[in-house]
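Remarks on the structure that follows.
Rule-based calculations on the coordinates, nothing more; no lab input. No experiment lies behind these values; they were computed from the predicted model shown. Neighbour counts are summed over all protein chains in view; Cβ atoms, including those assigned to glycine, are modelled from backbone coordinates with ideal geometry.
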Amino acid sequence: MPEETIAAFHTAYLKEPGRRYKPFYRKEGLVEDCPRIFAEVYDEIKVLGHLAVFLKDKEFEPWQLEVTSALSDVLRIKINLTNQTPTVLSDLLQYLLDRRTGKQSKIRAMGQLSKFHLTDSLLLVAPLDQSKSQHAFASLAINYLLHKYTNAIPTVFNDDLVVLLTPSVYQPDPREDGEKISEYLKQYQILCGAVYPIKNVEKLPDHYLQGRLAAETHFRKVSGKSEKTETTTTVPYYSDLKADPLLLYISKRKDSLSLLDPTLEKIRAYDEENNTDYLDTLFCYCKNMYRKNETSVDLHIHRNTLNYRISRMEELFSLDLQEYATMLHILLSMELMRFDNGETTM
């Protein structure tokens, strides 16, 4: 079936959670003119293909679902029996992405990928949600990428669509292809993050984590939780996102806010009780990298007023705002608070 038809089915009908779906019948919406049974053929690891049984003018009966299920099983067995390729590219990439893979296995995987120029590659990571539609689409996307891009090694790893784009004679810089693939995935509401350049393939597990965090950070921005939504490219690169991926990684721990500097809560409570602005002043002071002239301008106050506020904070809350460790803890705590509220770094 055409790729667009399968994608349309996924979007329209497969809303339930879970990775796989059993054959189902539909007669409304996209298939009103020709009711059909839709099914996928899959093994324990991946989706192998899709099939549709067109009923047209015939009445639907429940036994037809059982027959379609049996047909998909037969096709699965047939495909597996005729598959003579012991190791495919996606398997090799999975070995390199998995931290648990032994050193010798990684060396063998890199040897089998020797026809690709792995240095200066680009890694794309597209997190998939738990819907059947996106996991079914991932298999479709892998087939598309393998046929469209000869320099692409795609796979599904840890519920993510991962693509390693290698340089080639015709495309020495894989970033252009990365942009095209990102645009292709975006049509199906799938966002990705990227890491470039990959200098050491043995560090792919680290780069995979970076790419995933870049994608999640990008999702926060485009989903309306952040004020900063403009990007110069369709692909968010880990190296361009500064501290946001790190803050996201820390904030995903349920207890991360318990590590904030307790002084900040004391200052907030004091401000509320005494109608002062010490917390905003401290935040602005940190944002301006402790430069008093810039801070006083941003706060629209005289420099002497700022000096007074800093002195009072040090006195009231036993702070030493000239000490590196103190300011570092305050700065990290403030950024985590902002990040937890859906904002990005200062």
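Kindly flag which residue pairs out of Lys221/Lys287; Lys22/Lys252; Lys115/Lys203; Lys252/Lys292; Lys78/Lys103; Lys103/Lys199 have an alpha-carbon separation exceeding 23 Å in this structure. All intermediate terms of the calculation are to be shown ahead of the outcome.
On the way: Lys221/Lys287 20 Å; Lys22/Lys252 34 Å; Lys115/Lys203 19 Å; Lys252/Lys292 34 Å; Lys78/Lys103 35 Å; Lys103/Lys199 18 Å.
Over 23 Å Cα-Cα: Lys22/Lys252; Lys252/Lys292; Lys78/Lys103.
This ranking places His207, His329, His302 by how few other beta-carbon atoms lie within 10 Å of each, fewest first, which gives His302, His329, His207.
Basic side chains Lys and Arg get +1 at the Cβ, acidic Asp and Glu get -1 at the Cβ, and with that the dipole of region 256-340 about its Cα centre reaches some 300 debye.
A Cβ-based charge dipole, computed about the Cα centre of the chain with Lys and Arg at +1 and Asp and Glu at -1, lands at about 980 debye. If the convex hull of the alpha-carbon atoms of the chain is projected onto planes in all directions, what is the mean projected area in square nanometres? Projected area, direction-averaged: 24.1 nm². Computed from Cα positions, the angle between helix 103-112 and the longest principal axis of the chain comes to roughly 60 degrees.
Between Arg108 and Asp206, what FRET efficiency follows from the Cβ-Cβ distance if R0 is 35 Å, with the result rounded to 0.05?
Details: r = 21 Å, r/R0 = 0.59.
The formula returns an efficiency of 0.95 here.
With each label modelled as a point 7 angstrom along the Cα→C-beta vector, the Tyr144-Tyr249 pair spans 3.1 nm.
In order along region 247-258, phi translates into HN-Hα couplings of 5, 5, 4, 5, 5, 6, 6, 4, 9, 4, 5, 6 Hz, rounded to whole numbers, per the Karplus curve 6.51 cos²θ - 1.76 cosθ + 1.60 with θ = phi - 60° and x for Gly and Pro. Along the axis of the charge dipole computed for the chain (Cβ charges of +1 for Lys and Arg, -1 for Asp and Glu, origin at the Cα centre), the listed residues His302, Thr150, Leu204 are led at the positive end by Thr150.
Extending 7 Å from Cα along the Cβ direction at Leu259 and again at Tyr184 yields two label points whose distance is 3.9 nm.
Counting helices only, and only those DSSP H runs with n ≥ 4, report the 222 nm mean residue ellipticity of the chain as the sum of -39,500 (n - 2.57) divided by its residues, in deg cm²/dmol to the nearest 500. Write out the running numbers ahead of the final one.
Working: 13 runs with 167 residues, N = 346.
When only DSSP H runs of four or more count, the value is -15500 deg cm²/dmol.
The residue among Leu257, Leu331, Tyr170 whose Cα reaches farthest toward the positive pole of the charge dipole of the chain, with charges on the beta-carbon of Lys, Arg, Asp and Glu, is Tyr170.
Taking a Cβ cut-off of under 13 Å around Asp206, the surrounding Lys, Arg, Asp and Glu residues balance to a net charge of +2, with basic ones at +1 and acidic ones at -1. Relative to the current alpha-carbon distance between Asp159 and Glu323, full extension at 0.36 nm per residue lengthens the span by 54.6 nm. Annotation: for a label point projected 7 angstrom from Cα along Cα→Cβ of Ile301, residues of region 249-277 with backbone N closer than 14 Å are 268, 271-272, 274-277.
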